[in-house]
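Below: one structure, written as structure tokens.
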Amino acid sequence: MTALTVTTFGVDADAVVDGLVGEKVASRIAAKDATLWGPEAEPEASIRLGWTDLHETSRPLLAEIEALSAQLRAEGLDRIVLAGMGGSSLAPEVITRSAGVELTVLDTTDPGAVRRALADRLDRTVLVVSSKSGSTVETDSQRRVFEAAFTAAGIDAASRIVVVTDPGSGLADLAAERGYRKVFLADPDVGGRYSALTAFGLVPSGLAGADIAALLDSASAVAAVLSGDVPDNPALRLGAALAGGHGGHIPASAEERTSAESYDKVAIADSGSGIVGLADWAEQLIAESTGKQGTGVLPIASGSVDDPEVAHPAADVLPAVVGSPAQPPAKGVVVAGELGAQFLLWEYATAVAGKLLGINPFDQPDVESAKVAARGLLDATPEPEAPAFTDGVVEVRGSAGLLDGVDSLSGAVDALLGRLAPNGYLAVMAYLDREGADAELADVRVPLERRTERPVTFGWGPRFLHSTGQYHKGGPAQGVYLQVTGAPAEDLEIPERPFTFGQLIAAQATGDAQVLADHDRPVLRLHLTDRKAGIETLRGILR
């Protein structure tokens with residue numbers, strides 16, 4: 001049997017776990033009992049619990065994926081590009097990176113990133129278009145530009161496009177109409193962030209060469225353990241820890257947080273697990289599932305156990321270390337197990353935490369708001385808002401009152417950080433190219449933590465809109481937000497669309513900032529008119 005362990009240190013959750021055992025929460029989740037999260041959540045929960053037995057129901061996919069993979073290899077098609085966002089991209093990225101196989105994940109609307117994906121070995125490329133709804137604007141735009149590129153290169157585009165979507169979606173209809181190579185229909189009773197072991201996780205990963213049968217095997221090996229109503233069930237222990245160990249009470253005031261047991265943030269770091277990027281996947285799962293109705297658990301995807309939020313956590317931060325740390329945390333959780341087992345564990349634990357927090361862990365009521373705002377900006381195409389001021393190559397804008405009396409970039413940053421509450425966090429949101437020259441901006445996260453002595457998250461836009469974007473709007477009003485955008489060196493048209501990739505990502509950033517401001521969240525917006533020089537300047541100021 002696959003070993004899966006959750007060990008807590010300095011966290012007293014026994015009473016909460018005993019209560020969960022008494023209510024038979026684990027076995028009821030496994031039995032798809034939609035009443036667990038209350039009457040308001042029941043309609044959604046009743047169609048979102050298919051993830052509990054994917055280790056069995058996804059087995060028929062294996063032969064289909066292997067057959068298609070063999071066909072593609074025989075044709076010399078060995079580069080897989082995944083066009084997908086959020087739940088459609090995060091799990092495949094973890095699976096393939098952990099397996100050491102190549103998968104190009106295109107989860108951005110940055111023109112430079114899309115151009116780079118188009119320019120690389122197009123003659124050997126297969127595009128997997130992955131969208132649960134079938135209408136995701138980012139994914140549709142990526143599909144359009146690749147289809148045009150294949151055609152322009154004299155390649156039969158339909159033979160190079162594989163679709164993963166839900167039954168009855170517009171994308172499924174389009175794929176049938178255009179004769180795309182293969183359509184995989186996913187289980188509609190699984191939400192995007194719980195879909196790691198559905199076609200959304202398995203198809204691109206399997207085509208890229210990962211051992212997806214082993215993933216299902218490791219999940220299957222722990223399924224009975226995770227559904228057991230016993231105190232040593234790892235999912236119950238992790239779920240209770242995520243929910244603060246208080247049986248649903250998340251302390252609301254700074255005074256309450258003086259207790260060593262009072263926390264509503266979890267910092268996830270790796271220590272020799274062999275799994276690459278699990279924190280990024282878990283970040284979406286936890287943030288989007290719990291961040292609503294003014295409550296929630298803020299996940300921080302840490303790079304190392306040496307980062308401040310893990311090595312020296314604030315009272316409201318719980319370190320969660322994946323792997324086998326040489327020195328366990330004084331307060332925190334250590335989670336060990338293979339990747340497939342970890343997927344199922346964190347999904348169970350998040351569902352448990354949702355029950356303890358008194359929320360529906362399967363909806364995302366605030367995700368759509370930023371999408372609506374972006375669509376409105378694309379339709380109306382208003383003139384860009386004038387900056388409050390410009391400092392070198394950086395245009396500076398801010399939410400109401402933030403920049404009063406401020407006339408420099410460093411002063412603007414100070415003004416934003418000055419809004420940080422004792423229990424707050426800073427979110428850096430970079431609508432830039434996460435794998436190109438812009439990637440080094442992510443280095444500011446840890447220095448900002450040391451500077452503020454508060455948790456700092458870093459998200460690449462627009463992909464985080466399908467992840468922590470829900471928590472930003474629906475979770476506790478604790479955050480301050482630093483948005484960074486940049487002028488593209490060269491824009492890129494989207495076939496049969498009245499907007500470009502550059503206009504799309506700009507609208508997504510502006511729409512996100514508008515919705516945050518409407519929720520009275522402090523937002524500092526920095527636009528780099530010269531990306532290279534601007535990032536160098538920002539790194540100097542922020543670090």
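The values are calculated or read from the model by the stated rules, or taken from the named source; none is laboratory data. It should be emphasised that the depicted structure is a prediction, and the values quoted were computed from it without experimental measurement. Neighbour counts are summed over all protein chains in view; Cβ atoms, including those assigned to glycine, are modelled from backbone coordinates with ideal geometry.
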> Which of the residues that make up region 65-109 are more than 26 Å from the chain's Cα centre (by Cα) and outside any helix (DSSP H, G or I)?
Replying inline: Glu75, Gly76, Leu77, Asp78
> List, please: which pairs have Cβ atoms under 8 Å, are six or more places apart or on different chains, and start with a residue in region 521-540 that is part of a helix (DSSP H, G or I) and end with one that is surrounded by fewer than 19 Cβ atoms within 10 Å (Cβ to Cβ) and not hydrophobic (A, V, I, L, M, F, W, C)?
Replying inline: Ala533/Gly392; Gly534/Gly392; Ile535/Glu440; Thr537/Gly392; Arg539/Glu440; Arg539/Asp443
> In region 30-64, how many are in contact with a helix residue (DSSP H, G or I) (Cβ under 9 Å, 6 or more places away or on another chain) and part of a loop (DSSP other than H, G, I, E, B)?
Replying inline: 10
>> For the list (1) more than 17 Å from the chain's Cα centre (by Cα); (2) within 26 Å of Ala430 (Cβ to Cβ); (3) modelled with pLDDT under 95, I need the number of the one condition that Val129 fails.
In response: (3)
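Results for (1) in contact with a Lys or Arg (Cβ under 6 Å, 6 or more places away or on another chain); (2) surrounded by 20 or more Cβ atoms within 10 Å (Cβ to Cβ); (3) without any contact (Cβ under 8 Å) to a residue 12 or more places away in the chain, shown as yes or no for each residue.
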residue: Ala148; (1), (2), (3): no, no, no
residue: Gly154; (1), (2), (3): no, no, yes
residue: Val162; (1), (2), (3): yes, yes, no
residue: Leu171; (1), (2), (3): no, yes, no
residue: Leu174; (1), (2), (3): no, no, no
residue: Arg178; (1), (2), (3): no, no, no
residue: Asp189; (1), (2), (3): no, no, no
residue: Leu202; (1), (2), (3): no, yes, no
residue: Ser205; (1), (2), (3): no, yes, no
>> If I ask for residues that are part of a loop (DSSP other than H, G, I, E, B) and crowded, with 19+ Cβ neighbours inside 10 Å, which ones from region 128-145 would you list?
In response: Lys132, Gly134, Thr136
> What about Thr390, is it surrounded by fewer than 19 Cβ atoms within 10 Å (Cβ to Cβ), modelled with pLDDT under 95 and of a type in the set (Ser, Thr, Tyr)?
Replying inline: no
>> All but one of (1) in a loop (DSSP other than H, G, I, E, B); (2) out of contact with any Pro (no Cβ under 9 Å at 6 or more places or on another chain); (3) among the charged types (D, E, K, R); (4) over 30 Å from Leu118 (Cα atoms) hold for Arg454; state the number of the condition that does not hold.
In response: (2)
> What are the residues in region 184-225 that are outside any helix (DSSP H, G or I) and either more than 24 Å from Ala3 (Cα to Cα) or among the charged types (D, E, K, R) (or both), if any?
Replying inline: Phe184, Leu185, Ala186, Asp187, Pro188, Asp189, Val190, Gly191, Gly209, Asp211
